[in-house]
1. Taking neighbour Cβ counts within 10 Å as the exposure measure, how do 82, 5, 116 sort from fewest upward?
2. Among rounded, prolate and oblate, which fits the chain when a ≥ b ≥ c are the square roots of the eigenvalues of its C-alpha gyration tensor, a/c under 1.5 means rounded, and a/b larger than b/c means prolate?
3. Ratio of alpha-carbon Rg to the 2.2 N^0.38 Å globular estimate for segment 100-237, to two decimals, please.
4. Given the rule -39500 (n - 2.57) for each run of at least 4 DSSP H residues, summed and divided by the residues of the chain, what is its mean residue ellipticity at 222 nm, to the nearest 500 deg cm²/dmol?
5. Counting only C-alpha contacts under 8 Å and six or more residues apart, can you give the relative contact order of segment 1-146 as a whole percent?
6. Listing 173, 127 from the residue with the fewest other Cβ atoms within 10 Å to the one with the most, what is the order?
7. What shape does segment 17-99 have by the C-alpha gyration tensor, where a ≥ b ≥ c are the square roots of the eigenvalues, rounded means a/c under 1.5, and otherwise prolate means a/b greater than b/c and oblate the rest?
8. Just want the ordering: 58, 224, 107, from fewest to most Cβ atoms lying within 10 Å of their own Cβ.
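Readers should treat all values here as calculations from the given coordinates under stated rules, not as data from a laboratory. What you are looking at is a predicted structure, and each value in this text was computed from that prediction instead of being measured. Methodologically, a virtual Cβ is constructed for each residue, glycine included, from the backbone with ideal geometry; neighbour enumeration extends over all protein chains shown.
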Ligand code: TMP
Ligand code: ASP
């Protein structure tokens with residue numbers, strides 16, 4: 001039996017025979033409001049495992065180094081073990097969520113340029129917004145590393161926005177996480193799924209992502225399935 005290394009809100013990490021490789025198990029847990037709502041949605045783990053596997057494979061193909069190795073079952077994948085940087089890197093193309101609220105904008109207002117924001121992963125403080133100076137001063141990360149992460153996040157944004165555009169979808173915003181691999185290189189890690197992205201249809205602007213759960217407007221599995229089907233059509237590995 002492989003032992004549990006860490007357990008998050010929606011995923012569990014296990015040791016493998018190789019100390020540099022972890023098995024990641026996607027659960028059916030779905031959370032919102034800083035974990036205040038936590039529900040089990042049948043097959044969501046399978047769906048996100050498949051979607052995240054496809055997107056990470058595609059990003060690798062497009063030259064973005066990342067932790068993904070392979071999908072090994074419906075709900076499990078192998079990832080390189082990385083030392084995670086405790087920052088959530090959010091990229092925004094249109095106003096939504098916290099950004100929309102903070103600046104009193106309308107939903108989907110245009111932005112003159114994509115915005116990269118950082119949030120410090122700190123449960124006690126509820127993941128506060130953090131700027132580059134703060135992150136350096138608190139010794140979370142140095143200036144060069146921040147620069148590299150920002151450049152990488154914007155590259156990922158370009159690649160993913162183009163991909164979703166071809167699928168007749170719009171990537172409104174999303175969250176990334178990075179870590180250091182065994183050679184101390186910064187690589188993209190964690191997951192990219194409709195749990196961590198806002199994705200809407202071009203025509204009707206209908207949400208296909210976790211906003212359906214946050215706003216309780218319908219069945220998230222229907223939205224996630226549309227995204228998965230379109231990704232399968234678009235991505236040739
Ligand atoms: P926000 O507008 O709530 O800050 O969210 C921006 C994007 O980041 C959105 O696509 C959802 C994603 N996100 C996460 O993946 N995890 C989180 O804990 C939060 C707050 C947002
Ligand atoms: N990830 C946050 C939570 O666990 C919610 C969100 O994505 O909005 O509650």
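1. Details: 82 22, 5 14, 116 19.
Ranked by crowding around the Cβ, least crowded first: 5, 116, 82.
2. Details: a/c = 1.34, a/b = 1.08, b/c = 1.24.
Rounded is the answer for the chain, as its axis ratio a/c remains below 1.5.
3. Working: Rg = 16.5 Å, N = 138, 2.2 N^0.38 = 14.3 Å.
Against the empirical 2.2 N^0.38 Å value, I get 1.16 for segment 100-237.
4. Theoretical 222 nm ellipticity from helices: -9500 deg cm²/dmol.
5. Values: 220 pairs, mean separation 20.7, N = 146.
Normalised by residue count, the contact order of segment 1-146 is 14 percent.
6. Going from sparsest to densest Cβ surroundings: 127, 173.
7. Details: a/c = 1.66, a/b = 1.21, b/c = 1.37.
Note, shape of segment 17-99 comes out oblate.
8. Working: 58 20, 224 26, 107 13.
By the 10 Å Cβ count, ascending, the order reads 107, 58, 224.
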